[in-house]
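The values are calculated or read from the model by the stated rules, or taken from the named source; none is laboratory data. Please read these numbers as outputs of a predicted model, since none were measured by experiment. Glycine also receives a Cβ, built like all others from the backbone with ideal geometry; neighbour counts cover every protein chain displayed. Remember, those area values only see protein heavy atoms, side chains included, never the ligands or the DNA or RNA. Shrake-Rupley method; radii C 1.70, N 1.55, O 1.52, S 1.80 Å.
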Amino acid sequence: MKRFSKILSIGLSALMLLSGSSVLAGAATSKNIVKFVSCSDSNCKTVQNILKQLKNCKTCDLTSLIKSGGYCPDGNCSTKMPVKKAAKQTSKSTTVKPKASEFNDEYEAEVIRLVNAERAKNGLSALSKDSGAVNVARVRAKEIATSFSHTRPDGRSCFTAASDLGVAYKTAGENIAYGYATPAQVVNGWMNSEGHSKNILSASYSKIGVGCYSSNGVLYWSQFFIG
């Protein structure tokens, strides 16, 4: 029975990623400002006095106040109600460092050796194994067993796995594949694809991480390149 296999590749600049995700990465804050609308009574001299009177007021028409957007503690004064907005909740990453026991480290090391052999043929320097890139690649290898795409199962870009794990880079690229039984087969498959070989032979990258994850007898492969 012929084994089915598939590969995908992607690469991008860190600057491009940051410019596209700055809203997600940061939180905007705003200050609530109390504005005086009018004050026609001598008792309305300070915000503190207005609020003090409001606390003691038992006959205020709250419905009218809500509609007008202000307070009227003595019938003559009004001010915009300071609204306290709830702090924006940012979802915490659920990405965790993968367990080494779930992956085939011998196959991963062989992929790196084969990649560097291909780079040497093209006059390029060898990529060094990077622990951060390995963690990203392993996270992605496990994720593509669920959803074979450069989009993660939660809908985010594959590159968010790096930011989730605190892996910094200027440029990055990803190659993924499944159904290849050996390191030689998967590297050969990548090298015979223009997009994948472009990542492997890119002079922009200096480090690499590889993930090899097995699920239901199928191997899922991921390469994560950083520069």
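Scanning the stretch 182-199 for residues that are touching a strand residue (DSSP E or B) at 6+ places or on another chain (Cβ under 7 Å) and assigned to a helix (DSSP H, G or I), which turns out surrounded by the most Cβ atoms within 10 Å (Cβ to Cβ)? Explain how you work it out, then say what you get.
Quick first cut of the stretch 182-199, residues touching a strand residue (DSSP E or B) at 6+ places or on another chain (Cβ under 7 Å) only: 186, 189-190, 193, 195-196, 199.
From what is left, the residues that are assigned to a helix (DSSP H, G or I) are 186, 189-190, 195-196, 199.
On the way: VAL186: 28, GLY189: 18, TRP190: 26, GLY195: 14, HIS196: 24, ASN199: 23.
By that ranking, first place goes to VAL186.
For the stretch 160-168, check the following and say yes or no: at least one residue is closer than 14 Å to SER222 by Cβ, touching a helix residue (DSSP H, G or I) at 6+ places or on another chain (Cβ under 6 Å) and open to solvent by 30 Å² or more (accessible area, probe 1.4 Å). Checking the stretch 160-168: at least one residue is closer than 14 Å to SER222 by Cβ, touching a helix residue (DSSP H, G or I) at 6+ places or on another chain (Cβ under 6 Å) and open to solvent by 30 Å² or more (accessible area, probe 1.4 Å). Hey, any hits in the stretch 168-190 for a residue that's free of Cβ contacts under 8 Å to residues at least 60 places away in the same chain and of a type in the set (Asp, Glu)? No, there is no match, as no residue in the stretch 168-190 is free of Cβ contacts under 8 Å to residues at least 60 places away in the same chain and of a type in the set (Asp, Glu). Inside the stretch 116-159, residues that are buried (at least 16 other Cβ atoms within 10 Å of the Cβ) and β-branched (Val, Ile, Thr) make up a count of 4.
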